[in-house]
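The values are calculated or read from the model by the stated rules, or taken from the named source; none is laboratory data. Worth saying up front: this structure is predicted, and the values here are computed from it rather than measured. For neighbour counting, all protein chains shown are included, and Cβ atoms are generated from backbone atoms with ideal geometry for every residue, glycine included. Heads up: the accessible areas ignore ligands, DNA and RNA and are worked out on the full protein's heavy atoms, side chains in. Shrake-Rupley method; radii C 1.70, N 1.55, O 1.52, S 1.80 Å.
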Amino acid sequence: HIGAILATKSLTLAAVVDASVSARQNAVQHWKFESDVRILPHVDDVRSGVDVAVVCTPPDQRIDTVQSLVDSGVKLIVVEKPLALSLTEAKNIVSLCEAAGVCLRVNFHRRFDQAYQRVRIMLEGKTPRRIVMEYGNGLLNYASHHVDLLLDWFGPVRAVQALGCARGGPDPNLSFCCTL
């Protein structure tokens, strides 16, 4: 995200936040920030002067992070997927932003990837009978992109059937079937 912000002439990087001292040091060494970029250990230190915030924390920290950003006066919060670990947490984050008038977006960049756009154009007006998508590294972090593309390209999913689990844990690898 830092590289994209620095490469966009209309944006100015105001702050980088990371609880890890070594991560902050590595970021400073790697990116060679301008002297006015604040390097902070906690999102509460942002305080004010930031219009857009990009949140890349683990999902279990999202509610507290979003609350701190809302309190600081941020106008737009872009959250890396997944938004939260549960539907209840996601609804709380959405409500928090709506109540404060803060625009909230979840980063699903693959919708805008030119290669995916070309496939979408090829499929326009056609409803495939069967689509097979493979993913690794977890349902929340990778399969969510596939589900988002299905929703974007073909509309609502009518039913989901779990077919098995290759790996458990907080972000499992599941085999599943979506009926459109």
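Is it fair to say residue 3 is at positive phi and among the small types (Gly, Ala, Ser)? Judged against the criteria, residue 3 is not a match. Residue-level analysis places residue 174 among those that are under 21 Å from the mean Cα position of the chain (by Cα) and not charged (D, E, K, R). Looking across the range 98-123, the residues that are at pLDDT 80 or above and either surrounded by fewer than 12 Cβ atoms within 10 Å (Cβ to Cβ) or more than 21 Å from the chain's Cα centre (by Cα) (or both) come down to 98, 99, 101, 114, 115, 118, 119, 120, 121, 122, 123.
Of the residues in the range 124-131, at least one is touching a helix residue (DSSP H, G or I) at 6+ places or on another chain (Cβ under 8 Å), part of a loop (DSSP other than H, G, I, E, B) and open to solvent by 60 Å² or more (accessible area, probe 1.4 Å). Listed by position, the helices (runs of 4 or more DSSP H) enclosed by the range 1-79 that each have at least 2 residues that are at pLDDT below 90 and open to solvent by 50 Å² or more (accessible area, probe 1.4 Å) are 2-7.
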